[in-house]
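These notes concern the structure reproduced below.
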Amino acid sequence: MSETDMTLKAGNAAWPVNQWYVAAYSHEVSRKPLHRWLLGKPVVLYRTESGEPVALFDRCPHRGLRLSAGSLVGNEIQCTYHGLRFGTDGRCTAIPSGGPISPRMRIDSYPAVESWRFIWIWTGDAALADPSLVPDVGVFGFGAKGWHDEPSGLLPLKANWLLPFENLLDASHISFLHHGLIDSGNVALLPFVMQENGASLRVTRTIENEQMSPLTAKTFGFRGDRLNRSIIADAVVPSLCGIRVEVTSPDDPTSVPRINQLIVGITPETLTTTYEFTAVAQSFPFENPNREEDVRNLLMEDVVAMEDIQQLFARLGAEKSTELSVQSDAAVMRMRRIVAGLLEQEKSP
Ligand code: FES
Ligand SMILES: [Fe+2]
């Protein structure tokens, strides 16, 4: 581990700003302004008359009211206090009570892009906000022909963003934290294969002829009690994680696997709170009518643990909150190094 990595702790880790992060699901953003604290800033999200997403700093520069408390006039947002209006570029366009409009009367406008059913935001240097850098969820099966996909729930959690990011990348915890629900106690024992490609990491674990766990049976609609399963954790550092589960029957291992793919957009709200935007795609039709609730209940087991870690971190302080890593943390440590590299890059001129 290098010095830089030592300073990066899940508890108070900063996030790279020159990145796309999920700001909202598409269906949440409309002609009614939506307020959300994102990446340490108050943001108002809305759509123009032609449906383009807009993201602005959500504070009127006049006397400081939230602009999201106001309303839209065409493509502009009007503050509900004294009626000042701002365009999609953040410039003030009207002061009803009169007088000149100073060029300083403006707010930050953030690049926003809609892709699949997410709205992505870039709060760093706008000149670097290349829409082609938005993580492609198509590679996970979203929007793919013959696949079925949908947004699942939005989970807010009181923990630094690095905690859920590492949690999703680390499948070794499912034998314990989710014992009985999605594992019958075997996953932690498995060897894993780690692959790296730029800012993407993949960790694969494969298990043959295992006892099927209840949620796996429900999700995949499998009969019988044994299956072959691969669990593939993907990280697109720093904003997206995926958990892909591929199953086949041990009686017919050459059959086309059934694939369930969870993705989670991880977006810091503040240094100690985070949003998880979850969505699911399957290579076969959805069969479990309670799937959204099941995913939520599963992830809540993680949320409880993350929030517990964060609380201890806050009370002990960063210095005393040391971490000792073990073999299965290889991917997490690699991920931290990538994050540290991105943060370092943003510091240098
Ligand atoms: S505070 Fe917004 S117009 Fe006065
Ligand atoms: Fe988990």
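Under the convention that each Lys and Arg Cβ holds +1 and each Asp and Glu Cβ holds -1, the size of the dipole of the range 177-304 around its Cα centre is about 180 debye.
The helix-only estimate of mean residue ellipticity at 222 nm for the chain, built from DSSP H runs of length n ≥ 4 each weighted as -39500 (n - 2.57), is -6000 deg cm²/dmol after division by the residue total. When each of the peptides 67-73, 167-173 is scored by how many other beta carbons lie within 10 Å of its residues on average, the order from highest to lowest is 167-173, 67-73.
Across the range 25-128, the mean sequence separation of Cα contacts (distance under 8 Å, 6 or more residues apart), normalised by length, yields a relative contact order of 22 percent. Just list whichever of 9/41; 32/145; 9/218; 41/320 have alpha carbons separated by over 27 Å in the model shown. Exceeds cut-off: 32/145; 9/218; 41/320.
Pick out which of 268, 103, 131 has the largest mean-square fluctuation in a Gaussian network model of the chain, springs linking Cα atoms closer than 10 Å. Result: 103 has the largest fluctuation of those listed. For the pair the range 230-273 / the range 122-178, the C-alpha centres are spaced 9 Å from each other.
Here the contact order of the range 136-347, divided by its residue count and restricted to Cα pairs under 8 Å and six or more residues apart, works out to 27 percent. Normalised by the number of residues in the range 17-72, the average gap of Cα pairs under 8 Å and 6 or more apart makes the relative contact order 28 percent. Residues of the range 101-119 falling in the label zone of residue 127, defined by backbone nitrogen less than 16 Å from a point 7 Å along Cα to beta-carbon, are 111.
Taken together, the values in this text are just the output of simple stated rules run on the coordinates, not laboratory data. The model shown is predicted, which means the values in this text are computed figures rather than measured ones. We place every Cβ from the backbone using ideal geometry, glycine too, and count neighbours over all the protein chains shown.
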